1. Under 18 Å from a label point 7 Å along Cα→Cβ of D297: give me every residue in the stretch 225-253 with its amide N that close.
2. Quick check of the Kirkwood formula: for the stretch 321-423, what is the inverse mean of 1/r over all pairs of different Cα atoms, in Å?
3. Whenever you get a sec, line up S415, S300 from highest to lowest accessible area (probe 1.4 Å, protein heavy atoms).
4. Excluding residues on the same chain fewer than 8 positions from K168, give the aspartates and glutamates whose Cα lies under 19 Å from its Cα.
5. May I ask you to evaluate 6.51 cos²θ - 1.76 cosθ + 1.60, the Karplus curve with θ = phi - 60°, for each residue of the stretch 230-243 and list the ³J(HN,Hα) values in order in whole Hz, giving x for glycine and proline?
6. Past 22 Å, Cα to Cα, is the threshold; run K383/K410; K256/K352; K138/K206 against it and keep the listed order.
7. Quick one: which residues, 5 or more positions from S312 or on another chain, have an amide H under 5 Å from its amide H? H modelled 1.01 Å from N in the peptide plane, none for Pro or chain starts.
8. Are there trypsin sites (Lys or Arg not before Pro) in the stretch 145-205 that DSSP puts in a loop and that have at most 12 other Cβ atoms within 10 Å, and which ones?
Amino acid sequence: VMQRPSRSTAGLLSAVLASMLAMRGVSGFMYTGTARLLHSSAKFTAPRVSSLGRLRPATAAKGFNPLPQFSRPASSQTCSPSMVASDPTTIELTAPIFDKYELVKEDMVEEYGAKVVLFKHKKTGAEVMSVSVPDENKVFGITFRTPPNDSTGVPHILEHSVLCGSRKYPLKEPFVELLKGSMNTFLNAFTYPDRTCYPVASQNLKDFYNLINVYLDSVLHPTLTPWTLKQEGWHYEVEDKKEPLTYKGVVFNEMKGVYSSPDAVHGRACQQALFPDNTYGVDSGGDPTVIPELTFDQFSGFHTKFYHPSNSRIYFYGDDNVAARLELLETYLEEFDALPEAPKESQVEWQKKRDTPWEIEQVYPAGADGKPLMTVNWLINDKTLEPQEELALDVLDDLLMGTPVAPLYKTLRESGLGESVLS
């Protein structure tokens, strides 16, 4: 497994591209890879050999229900600049709104015809990346770094809960209602082991800005109540008065399903064994045996601590006006003051490598035809890799495991150690 925490501009651009790829069905929070051999005999299993592919996040990127727009138009104060497509090569940062932001860096990505400008909001310190490109499919996203310290699933439950009504949109299930009228091309939310992302996309400009309004109000001013936690997290339920109380809840039920998969249980065990000392050593999605330990104070406190502009990264992509983007954003950011300690408190520390190998054993429910799984994992780095090193590891992964005729893949497949190789 290759650790890749980053606060660089390149890292922020990677987050943009990752979110855009997620909209096309690709997701991942760090790099790892596996070649798994399954054997029909319960007495023998072959090792799982490490390479470098995608490791899916602890919570599958299913997120909440698709999130359509509210029918209300965008307010005039958010759209004073001309709402027309702009030439990405000729952005003039002269509008009064630019006084609210510090220009950190700008560049032209010739391969994509994209003008990329990185801003820092002067009042809150929020990082904002504006990507101007001749693409009518406009994308917005806000991401908060949300590392949990236990497996109660609080980041996952919050991801669901903030989308259940907010200060400006106090409906019980606003997005269910809005599903009927949106022209979005993508709306969802993702919980990763170390961050929570809220991306949205639309080809219609008014629809796009309406959706941004809903997203920003939802994440910054959600209606969080004890009932929200009970509905989305966990609560007691009586199915039969003669039977004991049972646990129910949207996330609780979802994670029960996740934990019924041997592959999911095995993957989590490997990840948590590799990262015992940081946030990757717990399950951000929630362990069903631990979720009922989450209290409302912990739930609301997590939002207060991490869902702040100072702990966010925000991006825009598309052909809309840059000043209009920032004016819309300012209507939300202006309410907040800076929290300089927020990025430090959410920082994920490097996991130090061990000097000697170790092993763990985990039992999972299986029927008579259950197959044992075995993996061998390596933690590759405990400090930042140079871009050339990351590229070299990616190339090595492709050479060894990228195709059925790749040498390591072929050797494992033909070894007879297991029934199949999963990479």
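The values are calculated or read from the model by the stated rules, or taken from the named source; none is laboratory data. Not measured: the values here are computed from a predicted model. Virtual Cβ from ideal backbone geometry, glycine too; neighbours counted across all protein chains shown. Calculation scope for accessible area: heavy atoms of the full protein, side chains included, ligands and nucleic acids excluded. Shrake-Rupley method; radii C 1.70, N 1.55, O 1.52, S 1.80 Å.
1. In the stretch 225-253, the label zone of D297 (backbone N under 18 Å from the point 7 Å along Cα→Cβ) covers 225-227, 229-230.
2. Answer for the stretch 321-423: a Kirkwood hydrodynamic radius of 19.8 Å.
3. Working: S415 55, S300 35 Å².
I get S415, S300, largest accessible area first.
4. E159, E177, D207, D217, E327, E330, E334, E335
5. 5, 6, 8, x, 7, 7, 7, 9, 10, 8, 8, 4, 8, 9
6. Over 22 Å apart, Cα to Cα: K383/K410; K256/K352.
7. Counting only residues 5 or more places away or on other chains, the set is E127.
8. On the way: sites: R145, R167, K168, K172, K180, R195; in loops: R167, K168, K172, K180.
Hits after loop and neighbour filter: R167, K172, K180.
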